[in-house]
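Engineer: Structure below; questions to follow.
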Ligand code: NAP
């Protein structure tokens, strides 16, 4: 059972003040906007902060600042950039506990996973601080006697960085570490649900001595997102867009980027199959399924989404998987040490899983474990059997703790296609 209802006062975000930033960060300054938007703890629904709701004007200021800073940052030496990235890495490591608490309170992720994310997030800064020194060029044998061919690697310019809420710190450093190492400058737009981790990164970037305008953050609400996105994807001063998020949003950004032919990197949604053949070791298959499905309550892009299991092993697999779910999964607030399953990020995310479960049941699936929506955005880890390919959960990404298991019969024309 869930112990969060009526015990909201037990959970309060206790993070050292300098890391709890609520303004945008543009050109090395903390900036307000015309309004603010609330950041909620998805486990309790409590407001944990109010953050500046940046719009097109602040986004444009950030792009201009990044462009101005690019003129000098691109001339810094690889060694200078390397030293600054290393300092930033050291500061993330020093403030690991506070940064992890921010992730847990704004995204719902269990603290153990948040600590792992901070380590992962910092590792990109460490990696690129080292790679910054190794951006070698090349000399290519020329087909003509009177020519020499040299390849130089040069920074492209301002990069717009648009990131999702499920890894609120690591998705930023993964992109920004590479950009800064190469000599680019950036404007980051974090997800509405998780701006605090991005702003804490800005605070530590400043402490590390990263020059004004090199790293900018424009937090905004979902209402302002299209206007901010428009600036970040169409402004002629932006050379590159790096995005991680859903396929639908990726298509919108690609269209906007086309007019000024920007360079783009897109990491989009998933629909990963998990396949178990009759010959499999069922215990290993079950532990693989647990690891690949339930991390971050099923909200990672590499979470298995549909389970295709051959008929000879089907019953043993679902029986053992159900028992493993009973034994290993504990729902709760991410800051409780025994919690393995936090809430989903928001009500819409829980609505989607609930809808997939009811659609599957209406089409003949049976619920073997879970199936219920609990208070707020909590959703029980759910095991569905007798799943068929006409059900929504086999067609679209779930992004939640749902295991739909399809029985695959050799020679059956209706068997799920892999
Ligand atoms: P999303 O809705 O696409 O949001 C991602 C980011 O895009 C958020 O910051 C969002 O802002 C922003 N955005 C939405 N519309 C925009 C617009 N018109 N202009 C500019 N920015 C815009 O994705 P999500 O639901 O947060 O994240 C889950 C998805 O990400 C899943 O599909 C998952 O598979 C994918 N993902 C992929 C990877 C990977 O490595 N391939 C990693 C993690 C996640 P708002 O929050 O304000 O809407």
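The values are calculated or read from the model by the stated rules, or taken from the named source; none is laboratory data. Quantities reported herein were computed from a predicted structural model and do not represent experimental measurements. Quick reminder, even Gly has a Cβ in these numbers, built from the backbone with ideal geometry, and neighbours come from all protein chains shown.
Engineer: If we scan the range 205-218, do we find a residue that is closer than 25 Å to residue 303 by Cβ and either surrounded by 15 or more Cβ atoms within 10 Å (Cβ to Cβ) or more than 11 Å from the ligand (Cβ to nearest atom) (or both)?
Structural biologist: No: the range 205-218 contains no residue that is closer than 25 Å to residue 303 by Cβ and either surrounded by 15 or more Cβ atoms within 10 Å (Cβ to Cβ) or more than 11 Å from the ligand (Cβ to nearest atom) (or both).
A quick yes/no check of all residues on (1) within 28 Å of residue 118 (Cβ to Cβ); (2) at pLDDT below 95; (3) touching a helix residue (DSSP H, G or I) at 6+ places or on another chain (Cβ under 6 Å):
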{"site": "176", "(1), (2), (3)": "yes, no, no"}
{"site": "185", "(1), (2), (3)": "yes, no, yes"}
{"site": "192", "(1), (2), (3)": "yes, no, no"}
{"site": "195", "(1), (2), (3)": "yes, no, no"}
{"site": "243", "(1), (2), (3)": "yes, no, yes"}
{"site": "258", "(1), (2), (3)": "no, no, no"}
{"site": "277", "(1), (2), (3)": "no, no, no"}
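Engineer: Let me ask another. Return only the number of the condition from (1) within 6 Å of the ligand (Cβ to nearest atom); (2) at pLDDT below 95 that residue 267 does not satisfy.
Structural biologist: It fails just one condition, (2).
Engineer: Return yes when residue 372 is within 16 Å of the ligand (Cβ to nearest atom) and either at pLDDT 95 or above or not assigned by the TED database to the domain that holds residue 308 (or both) and no when it is not.
Structural biologist: No, not satisfied.
Engineer: Do you know which residues across the range 184-201 are in contact with a strand residue (DSSP E or B) (Cβ under 6 Å, 6 or more places away or on another chain) and without any contact (Cβ under 8 Å) to a residue 60 or more places away in the chain?
Structural biologist: Passing the criteria: 188, 198.
Engineer: Would you pick out the residues in the range 241-276 that are more than 26 Å from residue 64 (Cα to Cα), touching a residue at least 40 places away in the same chain (Cβ under 8 Å) and not in a loop (DSSP other than H, G, I, E, B)?
Structural biologist: The answer is 273, 275, 276.
Engineer: Inspect the range 343-353 for any residue being outside the structural domain of residue 247 (by the TED database) and away from the ligand (no atom under 16 Å from the Cβ) and give the result as yes or no.
Structural biologist: No, that holds for no residue.
Engineer: I'm told residue 261 meets every condition in (1) away from the ligand (no atom under 13 Å from the Cβ); (2) at negative phi except one. Can you identify the failing condition by its number?
Structural biologist: Answer for residue 261: the failing condition is (2).
Engineer: Give me the residue from the range 167-190 that is surrounded by fewer than 24 Cβ atoms within 10 Å (Cβ to Cβ) and within 11 Å of the ligand (Cβ to nearest atom) and, out of that set, nearest to residue 32 (Cα to Cα).
Structural biologist: 170
Engineer: Can you name every one of the strands (runs of 3 or more DSSP E) wholly within the range 93-174 that holds 1 or more residues which are farther than 24 Å from residue 267 by Cβ?
Structural biologist: Here the list reads 138-140, 149-151.
Engineer: Of the conditions (1) under 30 Å from residue 156 (Cβ atoms); (2) surrounded by 19 or more Cβ atoms within 10 Å (Cβ to Cβ); (3) out of contact with any strand residue (DSSP E or B) (no Cβ under 7 Å at 6 or more places or on another chain), residue 4 clears all except one; give me its number.
Structural biologist: (1)
Engineer: Pick out, from the range 315-418, the strands (runs of 3 or more DSSP E) lying fully within it that include 3 or more residues that are without any contact (Cβ under 8 Å) to a residue 60 or more places away in the chain.
Structural biologist: 366-369, 382-387
Engineer: OK, next. Of all residues in the range 202-240, which are in a helix (DSSP H, G or I) and without any contact (Cβ under 8 Å) to a residue 60 or more places away in the chain?
Structural biologist: Within the range 202-240, 225, 226, 234 qualify.
Engineer: Looking only at the range 135-165, which residues are in contact with a helix residue (DSSP H, G or I) (Cβ under 8 Å, 6 or more places away or on another chain) and without any contact (Cβ under 8 Å) to a residue 40 or more places away in the chain?
Structural biologist: Matches in the range 135-165: 153 only.
Engineer: Still on this structure, I have one more. Scanning for something at pLDDT 95 or above, part of a strand (DSSP E or B) and over 24 Å from the mean Cα position of the chain (by Cα), does the range 31-40 turn up at least one residue?
Structural biologist: Yes, the conditions are met somewhere in the range 31-40.
Every residue, every condition in (1) surrounded by fewer than 19 Cβ atoms within 10 Å (Cβ to Cβ); (2) more than 16 Å from the ligand (Cβ to nearest atom); (3) under 17 Å from residue 398 (Cβ atoms); (4) assigned by the TED database to the domain that holds residue 399, yes or no:
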position: 285; (1), (2), (3), (4): no, yes, no, yes
position: 293; (1), (2), (3), (4): no, no, yes, yes
position: 297; (1), (2), (3), (4): no, no, yes, yes
position: 310; (1), (2), (3), (4): yes, yes, no, yes
position: 318; (1), (2), (3), (4): no, yes, no, yes
position: 321; (1), (2), (3), (4): no, yes, yes, yes
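Engineer: Let me ask something else. Determine, yes or no, whether residue 301 is part of a loop (DSSP other than H, G, I, E, B), within 16 Å of the ligand (Cβ to nearest atom) and over 22 Å from residue 366 (Cα atoms).
Structural biologist: Considered against the rule, which asks whether it is part of a loop (DSSP other than H, G, I, E, B), within 16 Å of the ligand (Cβ to nearest atom) and over 22 Å from residue 366 (Cα atoms), residue 301 comes out as yes.
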